[in-house]
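The structure appears right after this line, and notes come after that.
Read-outs: derived from the displayed coordinates by stated rules, not from any lab. Please read these numbers as outputs of a predicted model, since none were measured by experiment. Note that each Cβ is placed from the backbone with ideal geometry, even for glycine, and that neighbours are counted across all protein chains shown.
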Amino acid sequence: MSRGKLHAVIIAGGAGERFWPASRQKRPKPFLRVVDGRTLLEATLVRARRFAAKDCVWIVCGREHARDMRRETGLPAQRVLVEPRRRNTAMAVAFAAQHIAGHDPNAVLAVLPADHRIPDARAFASAIRKAAAGARDGALLTLGVRPTRAETGYGYLQLGSAVGRRHAGLRRVKRFVEKPDAARARRYLRSGDYLWNAGIFVFGAQTILDEIREHAPELHRALAPLRQSPRVRSGKRVAAAYLRAPSLPIDVAVMERSRKVWTLPLKIHWSDVGTWLSLAEELGVFPGGTQVLGGELLFDERGGNLVWGQDGRGVALLGVEGLAVIETPDVLLVTKLESSPDVRKIVAQLKRRGRTDLT
């Protein structure tokens, strides 16, 4: 593959339901200022600009967030790709690849979720450039993270053989593994042969479109309206494509089926900050040590809690530990930190009851 520009494509279409009640449909997780004094979206944009030129940074988001995305990122409207409906990450990636390839046929895309925390932006940019070298040779790269605990909330990938001297440090992916139970997660941790699947991808725009044609034909057919005039973003054509597109993650649609998948094991700190438990770990909550994101902690007998209260409202904790106490103007959530990945069950129940005001 001849050398094309390296583009950053920030995917910001998720609902962040495991971060409820702070994350809502109207104000999802990327807009939350939870660590380092910046929103997760701002931090992602800083990382993207480390390796992509000013005119090579893109965001894919839903219609309801497009105005806020433009305002908070300062990106021009032509580089904010608006999805008319949710169709998961395979369609988001395909939409971006089809559009960018129309302007830069040899483009290499680094696909970044908008809600991860990676403190070392410089080392991350270096990793992306290394992955891009593999992508220019026709591979699909997925970044992996060495597990530090037997995590059941992440997907894993099993390491295969080394790629070779030309791409030192890159490995083939033997297989992808869905979120395991606790026993399997412990085995993966002990073996050293598995990485967390970080959901960060690097591949050529045309390469991923070719792989979609081979492995996800329904998605390929849905892209037909966009292929008619790839340099022009027609609202009607985008709507027609999304109407036909299946709702699939890019992992399921392509990555788990392709024979071209390599991985770059990340040697830097990474978290998807996906749950109140992972945020507590990021902030350094430990037995006896509580972290307060907002409000006033009046009393905490045992510690080991995560508290996000409201200004002017006190929180007192007696005889409890390992809790997330999250208060918004209309909801109070109290959950064991270890149970916080199940918060989405509350969101599902509220949706069934028609409580759109709370979701």
Original post:
Which residues in the range 70-95 place their backbone N less than 19 Å from a point set 7 Å from the Cα of Arg38 along the Cα-to-Cβ direction?
Top reply: 70-76
Original post:
Under the Karplus relation 6.51 cos²θ - 1.76 cosθ + 1.60, θ = phi - 60°, what is the ordered set of whole-Hz ³J(HN,Hα) values for the range 297-311, x standing for Gly and Pro?
Top reply: 8, 7, 7, 8, 5, 10, x, x, 10, 10, 10, 10, x, 9, 4
**OP:** Please build a GNM for the chain, connecting alpha carbons under 10 Å apart, and tell me which residue among Phe203, Phe19, Phe299 fluctuates the most.
**Re:** Phe299
**OP:** Within the set of other residues whose C-beta is less than 14 Å from the C-beta of Arg27, count the net charge using Lys and Arg as +1 and Asp and Glu as -1.
**Re:** -1
Original post:
Which cross-chain or sequence-distant (5 or more) residues have an amide H under 5 Å from the amide H of Asp300, H modelled 1.01 Å from N in plane?
Top reply: Leu317
Original post:
Going through the range 283-345, which GluC sites (Glu not before Pro) have at most 13 other Cβ atoms within 10 Å and a DSSP loop state?
Top reply: Glu301
**OP:** Could you please report the charge total around Val347, scoring K, R as +1 and D, E as -1 over all other residues with beta-carbon less than 9 angstrom from its beta-carbon?
**Re:** +3
Subject >> For the range 123-151 and the range 213-290, distance of Cα centres in Å >> reply: 15
Subject >> Bridge type composition, the range 6-273 - antiparallel percent by DSSP, nearest 5 >> reply: 50
Subject >> DSSP-assigned coil residues among trypsin sites (Lys or Arg not before Pro) in the range 137-185, each with at most 14 further Cβ atoms within 10 Å >> reply: Arg149
**OP:** Could you list which residues have their amide H under 5 Å from that of Thr263, counting only those 5 or more apart in sequence or on another chain, with H placed in the peptide plane?
**Re:** Thr142, Arg171, Arg172, Val173
Original post:
Which ³J(HN,Hα) values, rounded to whole Hz and listed in residue order, are derived for the range 54-68 from phi using the Karplus coefficients 6.51, -1.76 and 1.60 in 6.51 cos²θ - 1.76 cosθ + 1.60 with θ = phi - 60°, glycine and proline given as x?
Top reply: 3, 8, 10, 10, 10, 10, 10, 8, x, 4, 5, 10, 4, 5, 5
**OP:** With θ set to phi - 60°, apply the Karplus curve 6.51 cos²θ - 1.76 cosθ + 1.60 along the range 174-182 and write out the HN-Hα couplings as whole Hz, x wherever there is a Gly or Pro.
**Re:** 6, 6, 9, 10, 5, 3, x, 7, 4
Subject >> Set of aspartates and glutamates near Lys236 by C-alpha distance (under 12 Å), chain-local residues within fewer than 8 positions excluded >> reply: Glu83
Subject >> Gyration tensor verdict on the range 62-104 (Cα atoms; rounded if a/c is under 1.5, prolate if a/b is larger than b/c, oblate otherwise) >> reply: oblate
Original post:
Picking from Val46, Leu32, Ala66, whose Cα lies most toward the positive end of the charge dipole for the range 1-85 (charges on Cβ: Lys, Arg +1; Asp, Glu -1)?
Top reply: Val46
Subject >> Simple Cβ-charge dipole of the range 53-117, Lys/Arg +1 and Asp/Glu -1, about Cα centre, in debye nearest 20 >> reply: 180
Subject >> Flagged links, alpha-carbon separation over 31 Å, of Lys179/Lys351; Lys5/Lys351; Lys5/Lys174; Lys5/Lys26; Lys29/Lys336 >> reply: Lys5/Lys351; Lys5/Lys26
Subject >> Taking all pairs of distinct alpha-carbon atoms in the chain, Kirkwood radius in angstrom >> reply: 21.3
**OP:** Would you work out which of Leu6, Tyr188, Val145 lies farthest towards the positive end of the dipole of the chain, given +1 charges on the beta-carbon of Lys and Arg and -1 on that of Asp and Glu, about the Cα centre?
**Re:** Leu6
**OP:** Tell me which residues come under 5 Å, amide H to amide H, from Val111 once H is placed; ignore anything under 5 positions away on its chain.
**Re:** Val9, Phe201, Val202, Phe203
Original post:
If you add up the charges near Trp262, with Lys and Arg at +1 and Asp and Glu at -1, over every other residue whose beta carbon is less than 9 angstrom from its beta carbon, what do you get?
Top reply: +3
Subject >> Which of Val331, Leu283, Val254, positive extreme of dipole for the range 219-357 (C-beta unit charges) >> reply: Val254
Original post:
Where the only charges are on Cβ atoms (+1 Lys, Arg; -1 Asp, Glu), what is the dipole of the range 202-359 about its Cα centre, to the nearest 20 debye?
Top reply: 1360
Original post:
When the chain is treated as a GNM, springs tying every alpha-carbon pair under 10 Å, which of Asp272, Asp115, Asp300 comes out with the largest mean-square fluctuation?
Top reply: Asp300
**OP:** Please report, in debye to the nearest 20, how large the charge dipole of the chain is about its Cα centre when each Lys and Arg carries +1 at its beta carbon and each Asp and Glu carries -1 there.
**Re:** 1560
Original post:
What is the mean projected area of the alpha carbon convex hull for the range 277-358, to one decimal in square nanometres?
Top reply: 5.5
